[in-house]
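See structure below.
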Amino acid sequence: MTKSPKRPRDLNQWAKRMVDIATGVVEDREPTPEERGIDPAASAMWKKGGAARAKSLTEAERSAIAKKAAEGRWGKDRAALVTKERV
């Protein structure tokens, strides 16, 4: 999935960007990996990294990672509050 170029939120900046694109001052595309100074092979590997990792993990490993993330987000204090509210 390719991302479209980030557009400015301010209307005046957006209008200037549209004029720059129309007059050819800037191009309406993301820079290539070579233009950014990144190895193209490495760039291709980064794009599939999360999917490849998820495919290689077992269900138990994914569950452990999810539990650790939830603990980091909400912590033990949050779990205690939720338990008290339900009682």
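Rolling a 1.4 Å probe over the protein heavy atoms leaves R62 with an accessible area of roughly 110 Å².
Cross-link partners for K47 among the aspartates and glutamates, with Cα-Cα distance under 19 Å and sequence neighbours closer than 8 places in the same chain left out: E30, E34, E35, D39.
Which GluC sites (Glu not before Pro) in the stretch 1-73 sit in a loop by DSSP (not H, G, I, E or B) and have at most 11 other Cβ atoms within 10 Å of their own Cβ? Intermediate values should be presented prior to the final figure.
On the way: sites: E27, E34, E35, E59, E61, E71; in loops: E27.
Here the GluC sites (Glu not before Pro) that fit, given the DSSP loop and packing criteria, are E27.
The values are calculated or read from the model by the stated rules, or taken from the named source; none is laboratory data. Treat the numbers as computed from the prediction; the structure is a model and nothing was measured. All Cβ positions, glycine included, derive from the backbone under ideal geometry; neighbour counts span all protein chains shown. Calculation scope for accessible area: heavy atoms of the full protein, side chains included, ligands and nucleic acids excluded. Shrake-Rupley method; radii C 1.70, N 1.55, O 1.52, S 1.80 Å.
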